[in-house]
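For reference, the structure is listed below as structure tokens.
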């Protein structure tokens, strides 16, 4: 069960990565024991935060989304998380030809999911829909995900540190491109009827 490795990735990532690598990987296990569970945290907390708690700008009134609107956005957000973890894992495998390794797709998706796990867990802070809280918590989480990426790639994919550094940088670039793609798809989906609706 992958979720049991999360405390170790916070305390001693190098040791934990080696233990994870020594165990077999399967796509179904990665999704059933990690991504489906942790990926639901942010959409559920975001739904609650935007419909029940709300947010305000300065001294303005509290702004909330309608339940129907927030539900649509939460479902799309959840699907985006599930797809993004798979897509980045697939890209890691695809880039393997350039970097001279051939690991299973399951191992690459496992790496992708574990690197993203801190962000998925901290999705709980979407309960407080204040932008400054999300930035304050999100920035260190993103930095730790980058640290996990650079420490995990050489170990999980059994690469020399130099190649691992280069591949990690390429994966980071793919992650940023994926983020931009998600933002672009948000604009498209808003135009197709998934735009937020606010309560009075």
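The values are calculated or read from the model by the stated rules, or taken from the named source; none is laboratory data. Since we're looking at a predicted model, the values are computed, not measured. Cβ: placed from backbone, ideal geometry, glycine included. Neighbour counts: every protein chain shown.
Just for the range 48-63: of the residues that are touching a strand residue (DSSP E or B) at 6+ places or on another chain (Cβ under 6 Å) and assigned to a helix (DSSP H, G or I), which one is surrounded by the fewest Cβ atoms within 10 Å (Cβ to Cβ)?
Per the criteria, the residue is 51.
From the list 83, 88, 44, which one is assigned to a helix (DSSP H, G or I), under 18 Å from the mean Cα position of the chain (by Cα) and without any contact (Cβ under 8 Å) to a residue 24 or more places away in the chain?
The unique qualifying residue is 83.
Confirm whether residue 66 is closer than 19 Å to residue 121 by Cα and surrounded by 13 or more Cβ atoms within 10 Å (Cβ to Cβ).
No; evaluated as a whole, the condition is false for this residue.
Could you grab the pairs with beta carbons closer than 7 Å, sequence gap of 6+ or different chains, first residue in the range 129-152 and over 28 Å from residue 163 (Cβ atoms), second one at pLDDT below 85 and surrounded by 15 or more Cβ atoms within 10 Å (Cβ to Cβ)?
Listed by first residue and then by second, the contacts come to 129/55; 130/55.
Just checking, which of 108, 45 is surrounded by fewer than 22 Cβ atoms within 10 Å (Cβ to Cβ) and at pLDDT 90 or above?
Being surrounded by fewer than 22 Cβ atoms within 10 Å (Cβ to Cβ) and at pLDDT 90 or above holds for just one of 108, 45, which is 45.
Name the pairs whose Cβ atoms lie under 9 Å apart, with the first residue in the range 63-76 and touching a residue at least 24 places away in the same chain (Cβ under 8 Å) and on the phi > 0 side of the Ramachandran plot, the second surrounded by 19 or more Cβ atoms within 10 Å (Cβ to Cβ) and assigned to a strand (DSSP E or B), and 6 or more positions between them or separate chains?
none
Would you call residue 146 under 13 Å from the mean Cα position of the chain (by Cα), at pLDDT 90 or above and either surrounded by 18 or more Cβ atoms within 10 Å (Cβ to Cβ) or assigned to a helix (DSSP H, G or I) (or both)?
Spelling it out, residue 146 is indeed under 13 Å from the mean Cα position of the chain (by Cα), at pLDDT 90 or above and either surrounded by 18 or more Cβ atoms within 10 Å (Cβ to Cβ) or assigned to a helix (DSSP H, G or I) (or both).
Looking only at residues in the range 149-175 that are outside any helix (DSSP H, G or I) and surrounded by 16 or more Cβ atoms within 10 Å (Cβ to Cβ), which one is modelled with the highest pLDDT?
Checked the range 149-175; the qualifying residue modelled with the highest pLDDT is 157.
Within 21 Å of residue 41 (Cβ to Cβ) and modelled with pLDDT under 85, is that true of residue 124?
The answer is no for residue 124.
With respect to residue 94, is the statement that it is under 22 Å from the mean Cα position of the chain (by Cα), closer than 23 Å to residue 154 by Cβ, in a helix (DSSP H, G or I) and modelled with pLDDT under 95 true?
yes
Which of the following residues is closer than 22 Å to residue 9 by Cβ and out of contact with any strand residue (DSSP E or B) (no Cβ under 8 Å at 6 or more places or on another chain): 189, 127, 148?
Being closer than 22 Å to residue 9 by Cβ and out of contact with any strand residue (DSSP E or B) (no Cβ under 8 Å at 6 or more places or on another chain) holds for just one of 189, 127, 148, which is 148.
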